[in-house]
Structure formats: C-alpha cells, structure tokens
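Enquirer: Have a look at this one before I ask anything.
The values are calculated or read from the model by the stated rules, or taken from the named source; none is laboratory data. What you are looking at is a predicted structure, and each value in this text was computed from that prediction instead of being measured. Please note: Cβ atoms are built from the backbone with ideal geometry, for glycine as well, and neighbour counts cover all protein chains shown. Ligands, DNA and RNA are excluded from the accessible area calculation, which covers all protein heavy atoms including side chains. Shrake-Rupley method; radii C 1.70, N 1.55, O 1.52, S 1.80 Å.
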Amino acid sequence: MKLSTIFDALTYGELKQLSIGGVEDEGIFPQYSNEVLIHINLALVNLYNKFPLEEKEIKLRIQADKVKYLLTSEFTTTNNIDGYIEDSYDDLFTEDILRINAVCDAEGSQIPVNDEHSFSSVFLPAYNTIKFPYAVVDEVYTLVYRVRPAPIVIPSGLTPADVEVPLPDVLLEALLTYVSSRAQNARGGDTGVQEGMVAMQQYEQMCKELEVNNTFNSSLNTSNLKLDINGWA
C-alpha cells in the first residue's frame, strides 16, 4: 500500500488530536514525516515478527574446525573468498534476518533447533548466529528466516504517494493502533501514558485475533523445503 494511505488514515484517525497528525498543517507530510515514520517502522518490525509476512532462505556450507557461524554479509561468498554463506550477485544476502524459523539439511529435512537432547540439533545463541556442533565439513544447510523489513523512507523529491509500504491491507488497522500507542506515550503525562497503554492492548488483541484465525496460514512445513513463502510488494 502507499505511504500516503497510512498518513491519511493517521491524520484523520489515530493522530487527529495530536500535532504530529498534521490536521491543521494539511497532513503529516512534510513537517511531521520523520517522527511518524519512526513509529511506522517500529510497527512494521513488530508485525513482521508476529506474522510470516516475508520469509527467505540462505545456504550455509560447513567449514573445517568451525562450529559457530555469524550470519553477516562479511561472510558471504560474494564478499569473501572464504565465505560460508552462499549467495550470488543476483541474490545478495543483506543481513535482513529478523529470526531464524527453521534449519534443513542437504536432503531437505528439518533438523532440531536448540534441542540439547538431540545429537543432530543446531543452536541459536543469537538472532544472527548459529552453531553446528557435529556437522560434517562441506555439508550445506538451508536456513529459513523471517525477514526484517527495510526502513520506510521518503526519498528526496518524492512524496508519500510515491512510496510503497510492504504491508497487507488486513494489517493496516493494527499498524495504525501501534503507531497511536507510541505517539500517545511520547505525548507524556498521565493521560498520554494511559491512552498509550490502552492502544497497545488493543493492538495486541487485534494481533491475537489474526493469529487465532490463522489469517496468514502461518504453519510452516519445511520437511522437504517446499515452503509456502508469503510476501507482499
């Protein structure tokens, strides 16, 4: 959806009573854009963490005498001759990991994660780090991860009507409510904090209902790497 759609909804809805809503200044853009974008980008990260809005996979090749692997672009094959993350110039790894959802072996079978009772388990000490205690050298694993959305910005010379926000329509109301919560908290005072708490409770309830209804068909079947990857432009 267009950023202008979100700005308009906030101006005449959740932020109508606040200065950053821009009701008296013909809208949020341009005077309050940066402040509101901070709230929107945090809302997007939260929603992408809750729901499978976009997932990707990377290939990792096991190296000799190495157990712990940091998942950054420094260690991709396009940047480092000794890299262990196998990417290409047509499909660069951009360090956009929000969280790892699954790990599959060379045959495409999902293997245990963080299971101390399984000999084949891998471990995730951090969101962008993985440990293979007993892997075989040169064996290739596939890591399926939930994508962290790129921050929304308004390039110079463009307007919110020119900017796409990767969000399905069904999550618009939740995003608006999250932004409202943060904006009210930033307003301060007992009233602002109270209204911010109420808005966050409403946001969590909206998300819970979407999860209960399995709106995004969030069950992930990685047994044979035939993944249902969801994404919106």
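Enquirer: Can you pull the percent of the chain's accessible area that's carbon plus sulfur, 1.4 Å probe, other chains left in place?
Expert: C and S atoms contribute 48 percent here.
Enquirer: Show me the ranking of peptides 156-164, 7-15 by mean Cβ neighbours inside 10 Å, starting with the highest.
Expert: 7-15, 156-164
Enquirer: Stretch Asn49-Asp169 to full length: gain in nm at 0.36 nm per residue minus the Cα-Cα span?
Expert: Here the answer is 41.5 nm.
Enquirer: Given a 10 angstrom Cα cut-off, can you work out which residue in Phe132, Phe216, Phe119 is the most mobile in a GNM of the chain?
Expert: Phe119
Enquirer: Sticking with this structure for a sec: Full-extension gain between Asp25 and Glu139, please, as 0.36 nm times their residue separation minus the C-alpha to C-alpha distance.
Expert: Stretched out fully, the Asp25 to Glu139 stretch lengthens by 35.1 nm.
Enquirer: Expressed in nm to one decimal, what extension gain is obtained for the pair Glu35 and Ser156 from 0.36 nm per residue of sequence separation less their Cα-Cα distance?
Expert: Gain in length upon complete extension: 41.9 nm.
Enquirer: Moving on to the next point. Calculate the FRET efficiency for Thr5 and Val212 from the Cβ-Cβ distance with a Förster distance of 45 Å, rounded to the nearest 0.05.
Expert: Calculated transfer efficiency: 0.95.
Enquirer: P(r) tail for the stretch 6-111, what percent of Cα pairs lie past 23 Å?
Expert: 52
Enquirer: How many lysine pairs are close in the chain, with Cα atoms under 19 Å apart and the two 8 or more places apart or on different chains?
Expert: Count of close lysine pairs: 7.
Enquirer: Further, regarding this structure: Could you compute Rg(Cα) / (2.2 N^0.38 Å) for the stretch 119-165, with N its residue count?
Expert: In units of the 2.2 N^0.38 Å rule of thumb, it is 2.02.
Enquirer: I'd like to compare 73-80, 36-43: which one has the highest average count of other Cβ atoms within 10 Å, and what's the full order after that?
Expert: 36-43, 73-80
Enquirer: Okay, moving on. Using a Gaussian network for the chain with springs between C-alpha atoms less than 10 Å apart, which of these wobbles most: Val165, Val153, Val144?
Expert: Among Val165, Val153, Val144, the largest GNM mean-square fluctuation belongs to Val153.
Enquirer: Can I ask one more? For the stretch 98-173, what is the accessible area per residue in Å², given a 1.4 Å probe and the full set of protein chains?
Expert: Accessible area per residue: 52 Å².
Enquirer: Among all helices in the chain defined by DSSP H, which have a length of 20 Å or more along the axis from Cα atoms plus a Kyte-Doolittle mean of at least -1.0?
Expert: Result, helices passing both filters: 33-50, 172-187, 189-212.
Enquirer: Over the chain, with a Gaussian network built from C-alpha contacts below 10 Å, which listed residue (Asp91, Asp105, Asp65) shows the highest mean-square fluctuation?
Expert: Asp65
Enquirer: Mind listing the long-range amide H neighbours of Arg99? Cut-off is under 5 Å, sequence gap 5 or more, other chains count too, H placed in the peptide plane at 1.01 Å from N.
Expert: Arg146
Enquirer: For the residue pair Asn128 and Gln194, what label-to-label distance in nm results when each label sits 7 Å from Cα along the Cα-to-beta-carbon direction?
Expert: About 4.2 nm, to one decimal.
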